[in-house]
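Reviewing the structure listed below.
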Amino acid sequence: MKPASEKVRQWIDNGRDPRGAHWQAGLEALLEVFAPYLEPGRLVPAVSLDPSDRPVFDEALAVIDVSPNVAAVFLPPEAAGKIRPPESAPELERIEKSRPAYKVLLQRPGAQPRLACLDISPQAHNPGVDLFQDGALLGTYDFEDRKECMASLDQILFAHMWEKGKWEASDFRHYTLNWFERVMDTGKGDIAVKTDFSYLHTPSLIKSNPVDVIFTLIVDVFDRRLQDTHGPIRQALDGIFALPDQQARQTRYYEMAEKIVLQSLSLIKDAQLVDFTDFSEKQTDNFKKATSAAIGRIAQKMEAAAPA
């Protein structure tokens, strides 16, 4: 990757406005700082959130639908307040310096990475979106009303920051898993989602059916959370691993797996993600069998995760 100063010089030599070139370079440099903590396809806070920041982050989670290859970071005031556009570009200033700023940065990779800077601050006088590519300000979206801004983000990001190339089955699984975790984190079913890219909504994407995809998703969530060595699943399993009796451990694995599956099904039902009443008699029978099978699979995965 070229040093920021070299890129800026090249952009300016190519006729780019120095103000936009410097601002894009600064935003890209900030993304590089947080890069080790980001996971493409997920909106991640730049720093630990204060309780007062959580409502704004949850709002962002609900409406910012991220393509699997796009990096996205949420900047609360602690981080967003430290970055400001060049003073020579007042049109890019969306909030007064004395106000708490909330920004989201997204970067789409490629030969010419595209960057979006979203100002979603509740106290912004001009909330909106700035789009940059190759040192140029591609365009801006300005809103007088923040509610209108938040409602428009999904459409804007899909138009400018979405991966339009061919997706593999792994991309659909990654996208659907990320979307469902946003549902889990917010407890809301009306989270922005592209149903043509979600295998829960379109099972044919992974050559599956409406019943099996439910449990594919539940197991995918478990697999991801099992890898979090400091997460609640690992902590609960550490207590089970310490039990001296094998039969007692297996019983606890099954009980814990059953709880995970049933709680996930309850969330799917309560959030109205799937209408179980639409299932045919055959699908209902398959659903019961798949529930038992998923519990068994997760219990086996728990046992396999035990230290040797």
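The values are calculated or read from the model by the stated rules, or taken from the named source; none is laboratory data. Keep in mind the model is a prediction, meaning the values are calculated, not measured. Here the Cβ is made from the backbone with ideal geometry for all residues, glycine too, and neighbour counts use every protein chain on show.
Kindly indicate whether any position in the stretch 192-208 is outside the structural domain of Ala62 (by TED's automatic domain parsing), at pLDDT below 95 and not in a loop (DSSP other than H, G, I, E, B).
Among the residues of the stretch 192-208, not one is outside the structural domain of Ala62 (by TED's automatic domain parsing), at pLDDT below 95 and not in a loop (DSSP other than H, G, I, E, B), which makes the answer no.
Could you check the stretch 218-233 and list, in sequence order, the residues that are part of a helix (DSSP H, G or I) and either in contact (Cβ under 8 Å) with a residue 40 or more places away in the chain or farther than 25 Å from Tyr175 by Cβ (or both)? Write out each step before concluding.
Our first condition is that a residue be part of a helix (DSSP H, G or I); within the stretch 218-233, this holds for 218-226, 232-233.
If the condition is that a residue be part of a helix (DSSP H, G or I) and either in contact (Cβ under 8 Å) with a residue 40 or more places away in the chain or farther than 25 Å from Tyr175 by Cβ (or both), then Ile218, Val219, Asp220, Val221, Phe222, Asp223, Arg224, Leu226 are the ones that fit.
Would it be correct to say that Pro76 is at pLDDT 90 or above, farther than 30 Å from Ala169 by Cβ, crowded, with 17+ Cβ neighbours inside 10 Å and not small (Gly, Ala, Ser)?
On the way: at pLDDT 90 or above: yes; farther than 30 Å from Ala169 by Cβ: yes; crowded, with 17+ Cβ neighbours inside 10 Å: yes; not small (Gly, Ala, Ser): yes.
Yes: the conditions hold for Pro76.
Determine whether Pro122 is closer than 20 Å to Asp50 by Cα and modelled with pLDDT of 90 or more.
Numbers: closer than 20 Å to Asp50 by Cα: yes; modelled with pLDDT of 90 or more: yes.
So Pro122 fits the description; yes.
Do we find that Glu181 is touching a residue at least 12 places away in the same chain (Cβ under 8 Å), within 13 Å of the chain's Cα centre (by Cα) and either surrounded by 19 or more Cβ atoms within 10 Å (Cβ to Cβ) or within 26 Å of Val221 (Cβ to Cβ) (or both) in this structure?
On the way: touching a residue at least 12 places away in the same chain (Cβ under 8 Å): yes; within 13 Å of the chain's Cα centre (by Cα): yes; either surrounded by 19 or more Cβ atoms within 10 Å (Cβ to Cβ) or within 26 Å of Val221 (Cβ to Cβ) (or both): yes.
Yes.
Of the conditions (1) touching a strand residue (DSSP E or B) at 6+ places or on another chain (Cβ under 9 Å); (2) surrounded by 16 or more Cβ atoms within 10 Å (Cβ to Cβ), His22 satisfies every one except a single condition; which number is it?
Unmet for His22, out of (1) touching a strand residue (DSSP E or B) at 6+ places or on another chain (Cβ under 9 Å); (2) surrounded by 16 or more Cβ atoms within 10 Å (Cβ to Cβ): (1).
Considering only the stretch 32-43, I want to know if a residue exists there that is closer than 24 Å to Arg146 by Cβ and either touching a residue at least 24 places away in the same chain (Cβ under 8 Å) or of a type in the set (Gly, Ala, Ser) (or both).
Residues of the stretch 32-43 that are closer than 24 Å to Arg146 by Cβ, as a first pass: 42-43.
Still in the list and also either touching a residue at least 24 places away in the same chain (Cβ under 8 Å) or of a type in the set (Gly, Ala, Ser) (or both): 42-43.
For the stretch 32-43, residues closer than 24 Å to Arg146 by Cβ and either touching a residue at least 24 places away in the same chain (Cβ under 8 Å) or of a type in the set (Gly, Ala, Ser) (or both): present.
Could you list, in sequence order, the residues of the stretch 135-150 that are hydrophobic (A, V, I, L, M, F, W, C), farther than 16 Å from Gln107 by Cβ and in contact with an Asp or Glu (Cβ under 9 Å, 6 or more places away or on another chain)?
Passing the criteria: Cys149, Met150.
For the stretch 84-116, how many residues are farther than 24 Å from Phe57 by Cα and either in contact with a helix residue (DSSP H, G or I) (Cβ under 7 Å, 6 or more places away or on another chain) or of a type in the set (Phe, Trp, Tyr) (or both)?
3
Within the stretch 130-156, which residues are touching a residue at least 24 places away in the same chain (Cβ under 8 Å), closer than 21 Å to Arg54 by Cα and either surrounded by fewer than 16 Cβ atoms within 10 Å (Cβ to Cβ) or over 18 Å from the mean Cα position of the chain (by Cα) (or both)?
Selection gives Arg146, Cys149, Ala151.
Return yes when Gln272 is over 18 Å from the mean Cα position of the chain (by Cα) and closer than 22 Å to Val66 by Cα and no when it is not. Spell out the reasoning first.
On the way: over 18 Å from the mean Cα position of the chain (by Cα): yes; closer than 22 Å to Val66 by Cα: yes.
Criteria met by Gln272.
If I ask for residues that are closer than 23 Å to Gln107 by Cα and either assigned to a loop (DSSP other than H, G, I, E, B) or among the hydroxyl-bearing types (Ser, Thr, Tyr) (or both), which ones from the stretch 172-191 would you list?
Of everything in the stretch 172-191, those that are closer than 23 Å to Gln107 by Cα and either assigned to a loop (DSSP other than H, G, I, E, B) or among the hydroxyl-bearing types (Ser, Thr, Tyr) (or both) turn out to be Tyr175, Thr176, Ile191.
I need the full set of residues from the stretch 62-101 which are among the polar types (S, T, N, Q) and free of Cβ contacts under 8 Å to residues at least 40 places away in the same chain, in order please. Reasoning before the result, please.
If we filter the stretch 62-101 for residues that are among the polar types (S, T, N, Q), which is where we start, we get 67, 69, 88, 98.
Listed by number, the list holds a single entry, Ser98.
Quick check on the stretch 157-171. Is at least one of its residues surrounded by 13 or more Cβ atoms within 10 Å (Cβ to Cβ), assigned to a helix (DSSP H, G or I) and in contact with a Lys or Arg (Cβ under 9 Å, 6 or more places away or on another chain)? Reasoning before the result, please.
Of the residues in the stretch 157-171, the ones surrounded by 13 or more Cβ atoms within 10 Å (Cβ to Cβ) are 157-158, 160-163, 167, 171.
From the residues that got through so far, the ones that are assigned to a helix (DSSP H, G or I) too are 157-158, 160, 171.
Subset that is in contact with a Lys or Arg (Cβ under 9 Å, 6 or more places away or on another chain): 158, 160.
Yes, the stretch 157-171 contains at least one residue that is surrounded by 13 or more Cβ atoms within 10 Å (Cβ to Cβ), assigned to a helix (DSSP H, G or I) and in contact with a Lys or Arg (Cβ under 9 Å, 6 or more places away or on another chain).
Show the residue pairs that are 6+ apart or on different chains and have beta-carbon atoms under 6 Å apart, the first residue being within the stretch 260-284 and within 30 Å of Arg234 (Cα to Cα), the second being among the small types (Gly, Ala, Ser) and at pLDDT 95 or above.
Val261/Ala294
Scan the stretch 255-278 and tell me whether some residue there is over 21 Å from Thr186 (Cβ atoms), out of contact with any Gly (no Cβ under 6 Å at 6 or more places or on another chain) and part of a loop (DSSP other than H, G, I, E, B).
no
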